[in-house]
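First comes the structure, then the notes that go with it.
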Amino acid sequence: MVYLRYYVPFPFLGLFLTIRSYIAGRARGILTLSNSPCSEITAPTSPFVFAQVVFDKDGTLGDCMPALRAWCSEMTKAVRRRCDDTDGISAAHADRIVSDFHSSIGWNSTSNDLLPSAPLSSRTWAEVVDISATGLRDSGLDGVDRDEVLRWHRDLGLVDAEDPPLIDDMAGLFEHIRRLGILISICTSDDRASTDACMTRWNVRHLVDFSICGDEVDARGGGKPSPGPLWELCRLAGGISPRECMVVGDTTSDAEMGQRSGAGFVVGVLTGSGTAEQLIRSGADIVLPDVGYLRYLFLPQFCLR
Ligand SMILES: O=C(O)COP(=O)(O)O
């Protein structure tokens with residue numbers, strides 16, 4: 001069994017990317033980088049045999065950063081208010097509590113950005129609430145519990161419902177894949193309500209065959225990176241094998257789910273919080289700048305300009 005793994009450098013700086021197929025001894029994918037013009041590229045002899053492409057949502061299809069910045073800012077205010085209302089918490093202690101809270105969810109308050117593959121960008125909201133409540137208690141904010149943190153979170157409404165799409169023609173990409181007879185699924189740690197709102201806003205809801213959301217998996221570790229969500233999507237797709245699935249995502253959670261579930265091919269994208277090195281290390285077979293480049297995985301030959 002041979003896996004060929006290539007890290008596609010970003011930016012491409014005029015490189016031509018050839019993607020052909022051979023994976024795991026089956027005609028699937030050989031991925032090569034070359035400087036050759038398209039005319040010199042031989043078309044692959046075997047087509048891809050994927051039955052389903054499984055997309056992560058935040059950081060892969062949609063830009064969640066404005067929403068996460070707003071979430072962090074409001075949650076930080078709630079933490080500070082709680083510190084002010086709690087006896088015996090000095091200003092310096094409150095600063096430490098806020099800083100520990102940020103660390104626990106993977107937030108860099110200096111750059112106002114996510115740390116690579118941070119829990120906030122990769123875990124379900126139930127898990128993020130748990131992590132936050134535990135972190136706050138551990139740093140000395142006595143009496144704060146999961147229900148209280150959940151209330152602060154719920155007060156913020158559907159956090160990701162307004163996320164803009166990360167590529168211009170998502171519907172065109174999905175139609176392109178579906179024309180090849182391949183199912184499209186979304187596997188997200190976000191909740192169902194925001195996910196449905198995003199699919200509608202991005203004009204792809206009618207093109208998504210199946211989806212599974214963070215509030216539909218077992219809150220005790222049943223979400224990504226566990227293999228469960230992908231296996232469930234295989235079941236929904238009529239009992240196909242994980243080997244027939246391509247998983248596409250921006251964090252280590254996505255790549256790890258792909259690897260642990262036995263997905264046939266795992267694609268990392270650089271539009272979210274994961275770094276190329278992290279994605280490759282956690283199971284990505286290839287890293288692409290964004291999901292728009294996926295089109296080229298499904299063409300016999302192509303040229304990136
Ligand atoms: O909402 C999140 O925490 C992450 O969602 P995702 O799985 O679509 O990246």
Can you say whether Arg235 is under 23 Å from Asp163 (Cβ atoms), modelled with pLDDT of 95 or more and over 14 Å from the mean Cα position of the chain (by Cα), as far as the supplied structure shows?
no
Please verify whether region 260-281 includes one or more residues that are touching a residue at least 24 places away in the same chain (Cβ under 8 Å), surrounded by fewer than 20 Cβ atoms within 10 Å (Cβ to Cβ) and among the aromatic types (Phe, Trp, Tyr).
no
One residue is enough: does region 208-221 have a residue meeting the conditions away from the ligand (no atom under 15 Å from the Cβ), among the charged types (D, E, K, R), in a helix (DSSP H, G or I) and over 21 Å from Gly59 (Cα atoms)?
no
Mind checking whether some residue in region 34-51 is modelled with pLDDT of 50 or more, more than 25 Å from Ser132 (Cβ to Cβ) and of a type outside the set (Phe, Trp, Tyr)?
yes
Just wondering, is there one or more residues in region 54-61 that are away from the ligand (no atom under 16 Å from the Cβ) and either more than 30 Å from Ile184 (Cα to Cα) or polar (S, T, N, Q) (or both)?
no
Condition set outside any helix (DSSP H, G or I), among the aliphatic types (A, V, I, L, M) and within 16 Å of the ligand (Cβ to nearest atom), scope region 145-195, selection farthest from the chain's Cα centre (by Cα): answer is Leu156
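The values are calculated or read from the model by the stated rules, or taken from the named source; none is laboratory data. Just so it is clear, the structure is predicted and the values come from calculations on it, not from any experiment. Don't worry about glycine lacking a Cβ; one is built from the backbone with ideal geometry, like all the others, and counts go over all protein chains shown.
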